[in-house]
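Presented below is the structure to which this report refers.
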Amino acid sequence: MPIIQLSNVTKRFGTFTALDAVSLDVSKGERVVVCGPSGSGKSTLIRCINQLEVHDAGTITVDGVMLDGSKAALNRIREKVGMVFQQFNLFPHLSIIDNLILGPMRARGKTREEAREIAMRYLTRVRIPEQADKFPRQLSGGQQQRVAIARALCMEPEILLFDEPTSALDPEMINEVLDVMVGLAESGMTMIVVTHEMGFARKVADTMVFMDHGEIVETAPPETFFTAPKSLRCQDFLQKILPH
Amino acid sequence: MSVFPHLTASLSPPDLFRGSGSGGNAIPDCRHGASLVLNKSGNDSGVRILILLALLATLTGCSADWGWYVVDPSTKSGWINLKFLLSGLYYTILLSVTAILISVVIGLLVALPGLSKNPVLRGFNRVYVEIVRAVPILVLILWVYYGLPQVADISISVFWAGVLALALSDSAFEAEIFRAGIQSIDKGQYEAAHSVSLNYSDTMRFVILPQAIRRILPALGNQLVYMLKMSSLVSVIGMQELTRKANELVVTEYRPLEIYTILVLEYLVLILIVSAGVRWLERRMQTDER
Ligand SMILES: Nc1ncnc2c1ncn2[C@@H]1O[C@H](COP(=O)(O)OP(=O)(O)OP(=O)(O)O)[C@@H](O)[C@H]1O
Ligand SMILES: [Mg+2]
């Protein structure tokens, strides 16, 4: 039984169809990397999974909870699904530690001490425990994104979604974030990662998903995906982004 | 019977602008008082005080007989008069601060529905803001004090009538300020709050409002200044605040120029202090974020 099941999910913005009857199964512990040209619906796909966007048709089931637009379903999946954003979206008025303990304290009912302990554990895991008392703007982009990953981990989610987590970073900071994500993948976390970092994809992906024009065009394990893509559109795309 | 007997009394032309010549005898006193304030305040307000001093000097230069004796603290009656004038400070501040606190709360409660997706809630926000903004403050004060007790069959004190009228009329502006401030917060902040499972009220309380309030602080400070000035209107229903005290003293002493000049100075000093306080708060909150 897959932990995430999308079947014929459609999302429209006005008359524009951003997702066109998309179906995808993700099993527990699976690492899925999603790629595709700009505007192809990658962000929309993962934002539907934690209901930042509400789909118009089709069904989404996350860990046995059917997302039917009800508040109860929304609250239940928010607890299971964490998200890391392209622009980090840290809370700028709170120190790093306060960024991390807010969710656990308010939504998980943890005491400050418990929340701090969890937060320090994950800050150590993303290798910046010494930054706990600084504010987000005092950190480099790579450090901020690692804090954002730690913030998501503090909620102890079943599933982590990444929307182009390294696209806003200077090249020299990309690897420090990818390293943390590789570590996460090795620990068995279920991950859906939208990224164009194909080196990372080769290393961690169980499944590659290629999207174009709101559709999933190709789904394949990385070996076949990179060596023998079936569709022309995917071949075309890979040719553009892979170094020759 | 007139609502403002003291005003009618003071409207007969006083001997302000007769002749010209050198300044009156009490100018040194005035300079002394102002320079004390100068020493205590920051550079910015220092400049403002200097400008005021210059204005005052010009003013005194144009008039022959100033009667600063009415508020000369070295004489017994002058000291009593001065204390009488200053005694209004308490109610001016209490009135303004109570009113602004209430208006901030009402403003926030009116602003939140204005940000809703629900058209009925948004409609409530628009109607409230448009109506309340359209009523002149003085009219609202009179209506609340004389009208409301009849409509609602309650008795209302001068103080609470003043607070209510000031708070209501200001709340529409507060609502607009809050709405703009909240709307200026990036959508990503809501999404991040959602992603760590915060519900709507926690998102507002811990994520959105703390950032919005930092941004609207200068505007809120302006509203407090505005409120301090508008509180003078509550004198018409007999509130014993700065303006009322000045009016009453004018009726007995018949020296409107000197007394109203003191009144101007009272408001000026009060507002300079408030502005400095708001700037200090702004600076402190900015360093918090870094
Ligand atoms: N809130 C919205 N309102 C209207 N149109 C939207 C909205 N969000 C996305 N779209 C449109 O839906 C399409 C898919 O957007 P999406 O963000 O999912 O693409 P993407 O594959 O993530 O692209 P990118 O690589 O640029 O991030 C785009 O054409 C975009 O313009
Ligand atoms: Mg995107």
Note, the range A:23-32: 3J(HN,Hα) by Karplus (6.51, -1.76, 1.60, θ = phi - 60°), whole Hz, Gly/Pro = x, goes 10, 7, 10, 10, 9, 4, x, 6, 10, 10
Debye intensity ratio I(q)/I(0), log10, the range A:114-187, q values 0.12, 0.14, 0.15, 0.28 Å⁻¹ (C-alpha model): -0.30, -0.41, -0.47, -1.52
Would you calculate the volume per residue, in Å³, of the smallest convex hull containing every Cα atom of the range B:204-256? 93
How do the peptides A:65-77, B:213-225, A:25-37 rank, highest first, by the average count of neighbouring beta carbon atoms within 10 Å per residue? A:25-37, B:213-225, A:65-77
Taking a virtual spin label 7 Å from the Cα of B:Leu89 along the C-beta vector, which residues in the range B:215-246 bring their backbone nitrogen under 15 Å of it? B:241-243, B:245-246
Alpha-carbon spread of the range B:183-226, three principal axes, descending order, Å: 40, 17, 11
When a/c reaches 1.5 or more, the comparison of a/b and b/c decides; with that in mind, is the range B:138-290 rounded, prolate or oblate per its Cα gyration tensor? oblate
Which log10 I(q)/I(0) values, to two decimals, does the range A:121-244 give at q = 0.15, 0.20, 0.22 Å⁻¹ under the Debye formula with one point per Cα? -0.75, -1.15, -1.31
Checked the protein assembly as shown against the a/c 1.5 cut and the a/b vs b/c comparison, axes a ≥ b ≥ c from its Cα gyration tensor; verdict prolate
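Only four residue types carry charge here, +1 at the Cβ of Lys and Arg and -1 at the Cβ of Asp and Glu. Report the dipole size of the range A:1-140 about the Cα centre in Debye, rounded to the nearest 20.
It works out to roughly 280 debye.
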Take every DSSP beta bridge with both residues inside chain A and express the antiparallel ones as a percent of the total, to the nearest 5. 55
Work from the charge dipole of the protein assembly as shown (Cβ charges, +1 for Lys and Arg, -1 for Asp and Glu, about the Cα centre) and give the residue of B:Ser116, B:Ile271, A:Thr166 farthest towards its positive end. B:Ile271
With -39,500 (n - 2.57) per DSSP H segment of 4 or more residues and division by the full residue count of chain A, the 222 nm estimate, nearest 500 deg cm²/dmol, is -12000 deg cm²/dmol
Over the alpha-carbon set of the range A:1-53, divide Rg by the Kirkwood Rh and report the Rg/Rh ratio to two decimals. 0.97
So for the range B:88-176, Kirkwood radius off the Cα pairs, Stokes-Einstein at 37 °C and 0.692 mPa s: how many µm² s⁻¹? 240
Once all Cα-Cα distances of the range A:1-158 are split into 10 Å bins that start at 0, what whole-number percent is in each one? 10, 34, 31, 21, 3
Compare each residue of the range A:65-100 in its chain alone against the assembly with all protein chains, and report those whose accessible area goes down by 50 Å² or more; 1.4 Å probe, heavy atoms. A:Arg78, A:Asn89, A:Phe91, A:His93
What figure, in Å² to the nearest 10, do you get for the accessible area of B:Ile185 with a 1.4 Å probe and non-protein molecules left out? 10
For a quick check: with amide H placed at 1.01 Å from N, whose amide H comes under 5 Å from A:Asp212's, ignoring anything fewer than 5 positions away on the same chain? A:Val217
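Of the peptides B:69-80, A:198-209, how do they stack up when ordered by the mean number of other Cβ atoms within 10 Å, highest first?
Packing order, densest peptide first, comes out as A:198-209, B:69-80.
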Using a probe of 1.4 angstrom, how much of the accessible area of the protein assembly as shown is carbon and sulfur, in percent? 59
For the range A:235-242, Karplus-derived ³J(HN,Hα) couplings (6.51, -1.76, 1.60; θ = phi - 60°; whole Hz; x for glycine and proline) come out as 4, 4, 5, 5, 4, 6, 9, 7
Karplus couplings for the range B:138-145 from phi (6.51 cos²θ - 1.76 cosθ + 1.60, θ = phi - 60°), rounded to Hz, Gly and Pro as x? 4, 5, 5, 4, 4, 5, 5, 6
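Given a Förster radius of 45 Å and the C-beta distance between B:Trp280 and A:Thr15 as r, what FRET efficiency does 1/(1 + (r/R0)^6) yield to the nearest 0.05?
0.30
The values are calculated or read from the model by the stated rules, or taken from the named source; none is laboratory data. All figures in this text were calculated on a predicted structure; none of them were measured in a lab. Positions of Cβ are backbone-derived with ideal geometry, glycine not excepted, and every protein chain shown enters the neighbour counts. Quick note on the areas: whole protein, heavy atoms, side chains included, nothing else; ligands and nucleic acids left out. Shrake-Rupley method; radii C 1.70, N 1.55, O 1.52, S 1.80 Å.
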